[in-house]
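Single-structure report; data block below.
The values are calculated or read from the model by the stated rules, or taken from the named source; none is laboratory data. Note that this is a predicted model, so its numbers are computed, not measured. Cβ atoms come from the backbone with ideal geometry, glycine included; neighbour counts cover every protein chain shown. SASA here: full protein model, heavy atoms, side chains in, ligands and nucleic acids out. Shrake-Rupley method; radii C 1.70, N 1.55, O 1.52, S 1.80 Å.
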Amino acid sequence: MTAGKVASANIDWSSLGFSFIPTNGHMKYTWKDGKWDQGEFVTEPWINMHIASSGLNYGQECFEGLKAWQCKDGKVRLFRPQNNADRLRYSASKACMVAPSRELFLEAVTRVVKENIEYVPPYGSGGSLYLRPLLVGNGPMLNLIPSNEYTFIVYAVPVGNFYKDGIKTTNAIIIDDFDRAAPLGTGSVKLGGNYAPCLPSTQAAHEAGYTMALFLDAATRTYIEEFSSCNFIAVINGESIEDTTIITPDSPSILPSITTQTILELAESFGWKVIRRPIPLEEVRSGKFDEIAGCGTAVIVTPVHTIHHQGQDIKITSNKTLGPALEKIYSTVRALQMLEIEDKFDWSYPAEGF
Ligand code: PLP
Ligand code: COI
């Protein structure tokens, strides 16, 4: 199938959520005998894996998540994909994997967008084409040693406006019976192996009526780390919006989020005070923060009204939607991503050609 026009697939764009739906196909590259191949566009949504592969047997796998969308001028762009390329390389290094170069990564993500151009949701729908690069050890390594072969995949799925019915504050629960990441562990990398062990806590949180699971530091269980699939940011409102302070945990065991980095750089450009430091749970309890949110590629910014811990509700806000500071951040990020305002940071990256 050849690439058609943006958003020409027969899809009800307004009904999209965040789940897999088939597209034209994915990009697949193989590293073998010391080099990457040319890559191919594969239309079947399956890969061949060796039964003894280090990916299947020992979890030698890492991944990324980024989005492409149609901007106001009709062109399709990605957002800061260089950062995802670098983070994949960093993740790979923590599991002794051979990673694609930045150039190869950028070629792969732009090619997959081009090949799936009909699945890029139209400007104004609030949707995007979510790209999932993943790297997996695929050589037959019965022993616990790094693979001698790697498969690098990028697949694409159209996803809907996360906030179809408008942004609403939600609740979270602090997880006490599981540590997401040890101080010298792999919390700062996007290894698949970090995620499956969070499933029991997140599932229990959902069953108990909480949307987000929030983890504390494993060593002392007194500092905020991050949510299961996004970072934690807090805001202290000032006398006026110009006096806003934005704070995010400084910890070696949380994922360095590209969304958080974007938010902090924007906040700095607004003249706000930006602080990265350990955040004691006690400060959250004391009511110091006026706005708290989770932030990441999938959710962008999800404001939190209540955090539950050990039978107690910590009330953050009675707002039903974003508070003033996060609203300014959110609307600026969206406007920048859609190129409704000038991208003076040079964060947008052309996706249709390569
Ligand atoms: N933290 C975790 C554990 C995540 O899975 C994600 C999602 O990718 C993030 C934070 C947010 O990172 P980013 O903004 O780069 O998507
Ligand atoms: C993303 O936000 O891109 C992620 O990878 C989160 C995922 C666990 C849904």
For segment 26-161, just the Cα atoms, rotate onto the principal axes and tell me the three extents in Å, largest first. 52, 28, 26
Report the relative contact order of the chain, percent, no decimals, based on alpha-carbon pairs under 8 angstrom and at least 6 residues apart. 20 percent
Over 29 Å (Cα to Cα) among Lys67/Lys288; Lys67/Lys164; Lys35/Lys114 -> Lys67/Lys288
Scaled by the rule-of-thumb 2.2 N^0.38 Å, the alpha carbon Rg for segment 298-354 gives a ratio of 1.63
Can you send over the carbon and sulfur percentage of the accessible area for segment 27-111, probe radius 1.4 Å, protein chains only? 48 percent
Compute the angle between helix 102-115 and the longest alpha-carbon principal axis of the chain, please, reported from 0 to 90 degrees and rounded to the nearest 10. 80 degrees
Calculated from backbone phi, Karplus (6.51, -1.76, 1.60) coupling profile of segment 48-64 in Hz, x at Gly/Pro: 7, 10, 5, 4, 9, 5, 5, x, 6, 7, 10, x, 6, 7, 9, 8, 9
Leaving out ligands, DNA and RNA but keeping every protein chain, what accessible area does Leu142 have, in Å² rounded to the nearest 10, with a 1.4 Å probe? 140 Å²
Considering only Gln261, Ile329, His26, whose Cα is most displaced toward the positive end of the charge dipole of the chain, charges sitting on Cβ of Lys, Arg (+1) and Asp, Glu (-1)? His26
Quarter of Cα convex hull surface for segment 144-277, i.e. mean projection, nm²: 11.7 nm²
By how many degrees, 0 to 90 and rounded to 10, does the Cα axis of helix 258-269 deviate from the longest principal axis of the chain? 50 degrees
Report the Cα centroid-to-centroid distance between segment 177-222 and segment 262-283 in angstrom, as an integer. 23 Å
Once ligands and nucleic acids are excluded and a 1.4 Å probe is used, how much of Tyr163 is accessible, expressed in Å² to the nearest 10? 20 Å²
Per residue accessible area of segment 228-354, 1.4 Å probe, in Å²: 43 Å²
Among bridges DSSP assigns within the chain, what percent are antiparallel (round to 5)? 85 percent
Gap in Å between the Cα centre of segment 288-354 and the Cα centre of segment 1-49? 29 Å
Accessible area per residue, Å², segment 26-161 with all protein chains present, probe 1.4 Å: 41 Å²
Taking all protein chains as present, what is the carbon and sulfur share of the accessible area of segment 161-240, in % to the nearest whole number, probe 1.4 Å? 56 percent
Relative to the longest principal axis of the chain, what angle (0 to 90°, nearest 10) does the C-alpha long axis of helix 324-337 take? 20 degrees
Would the chain count as rounded, prolate or oblate if I go by the C-alpha gyration tensor, calling it rounded below 1.5 in a/c and otherwise prolate when a/b exceeds b/c, oblate otherwise? oblate
Average projection area in nm² (convex hull over Cα atoms of segment 45-89, one quarter of hull surface): 4.7 nm²
Residue by residue through segment 283-300, which ³J(HN,Hα) values in whole Hz follow from phi under the Karplus form 6.51 cos²θ - 1.76 cosθ + 1.60 (θ = phi - 60°), with glycine and proline marked x? 5, 5, 4, 6, x, 5, 9, 8, 9, 9, 8, x, 9, x, 4, 5, 9, 6
